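Engineer: Structure below; questions to follow.
The values are calculated or read from the model by the stated rules, or taken from the named source; none is laboratory data. Predicted model only: the values in this text are computed from it and were never measured. Backbone-built Cβ (ideal geometry, glycine too); neighbour counts: all protein chains shown. When the accessible area is computed, the model is the full protein with side chains, heavy atoms only, and any ligands, DNA or RNA have been set aside. Shrake-Rupley method; radii C 1.70, N 1.55, O 1.52, S 1.80 Å.
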Amino acid sequence: MSDLRAVVEALIFASPEPVSLKTLVKLLDTEPKEDILQAIDALKAAYDEPGGLQMVEVAGGYQIVTRPELHEWVRRLFHERTSQKLSVASLETLAVVAYKQPVTAPEIAEIRGVNTAGVLGTLMERKLIKIVGRKQVVGRPFLYGTTRHFLQRFGLNDLSDLPKVEDMSDLLGFDLPASIGEPEPQSPLPFDPGETESIH
């Protein structure tokens, strides 16, 4: 491999979770473990240089993160992003999750008629939805539901306070997919006792 260090760096950077040596060895199965370790050491040395990022060992793996002394600046970025209005696609997807939860990404895509992967990521980033389990079917896809922050953001006490779909369409200013149907109060989803509004 021409630049093993660059590949290792890309894998660690792209992963939302710490990447273990075992995972790197498995992914780079044509490379000797010793070479991978050398690439990791070279990356560590490079990230020891002054800059905005650092490479850390955490939870049994490697992760590239912002330096602690810069967290205040990073928080400003996330505050700016979370204060922006949600797009029509995000609001529509959020409505589908709210009325149909727990619901999988393919089910949401079927109702909306378009792919929802990026939109789901945005809604999770803004703490409006979260993964609440897996559906017991082939592939065991993730099930999505709304969060306590969703209720707070939209002024709802619980999911039974959701307005009728027609009223929601009027409030949003566009028609929601007809297949959402009438809102059906679901049994309350469990919220994490320690769920907070903080952005990680």
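Residue by residue, here is whether (1) among the small types (Gly, Ala, Ser); (2) within 24 Å of residue 75 (Cβ to Cβ); (3) modelled with pLDDT of 85 or more; (4) open to solvent by 30 Å² or more (accessible area, probe 1.4 Å) holds:
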| residue | (1), (2), (3), (4) |
| --- | --- |
| 138 | no, no, yes, yes |
| 143 | no, no, yes, no |
| 148 | no, yes, yes, yes |
| 155 | yes, no, no, yes |
| 167 | no, no, no, yes |
| 172 | no, no, no, yes |
| 200 | no, yes, no, yes |
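Engineer: Can you pull out the residues in the range 1-20 that are in contact with a Phe, Trp or Tyr (Cβ under 8 Å, 6 or more places away or on another chain) and in a helix (DSSP H, G or I)?
Structural biologist: 12
Engineer: Can you name every one of the helices (runs of 4 or more DSSP H) wholly within the range 82-185 that holds 1 or more residues which are closer than 22 Å to residue 16 by Cβ?
Structural biologist: 88-100, 105-112, 117-125, 148-153
To keep it simple, each residue is scored yes or no on (1) at pLDDT below 85; (2) touching a helix residue (DSSP H, G or I) at 6+ places or on another chain (Cβ under 7 Å); (3) of a type outside the set (S, T, N, Q).
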| residue | (1), (2), (3) |
| --- | --- |
| 33 | no, yes, yes |
| 36 | no, yes, yes |
| 46 | no, no, yes |
| 49 | no, no, yes |
| 72 | yes, no, yes |
| 80 | yes, no, yes |
| 83 | yes, no, no |
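Engineer: Out of the residues in the range 9-19 that are modelled with pLDDT under 90 and more than 12 Å from residue 55 (Cα to Cα), state the one that is surrounded by the most Cβ atoms within 10 Å (Cβ to Cβ).
Structural biologist: Residue satisfying both the conditions and the ranking: 15.
Engineer: Let me ask another. Restricting to the range 106-136, count the residues that are within 11 Å of residue 94 (Cα to Cα) and either of a type in the set (Ser, Thr, Tyr) or open to solvent by 70 Å² or more (accessible area, probe 1.4 Å) (or both).
Structural biologist: Of the residues in that region, 2 qualify.
Engineer: Anything in the range 82-129 that is touching a residue at least 12 places away in the same chain (Cβ under 8 Å) and among the basic types (Lys, Arg)? List them, or say none.
Structural biologist: Passing the criteria: 100, 112, 126, 127.
Engineer: Select from the range 45-69 the residues that are closer than 15 Å to residue 20 by Cβ and free of Cβ contacts under 8 Å to residues at least 40 places away in the same chain and write down the one among them that is surrounded by the most Cβ atoms within 10 Å (Cβ to Cβ).
Structural biologist: 56
Engineer: Something else now. Taking the range 24-34, which residues are open to solvent by 60 Å² or more (accessible area, probe 1.4 Å) and assigned to a helix (DSSP H, G or I)?
Structural biologist: The answer is 26, 27, 33, 34.
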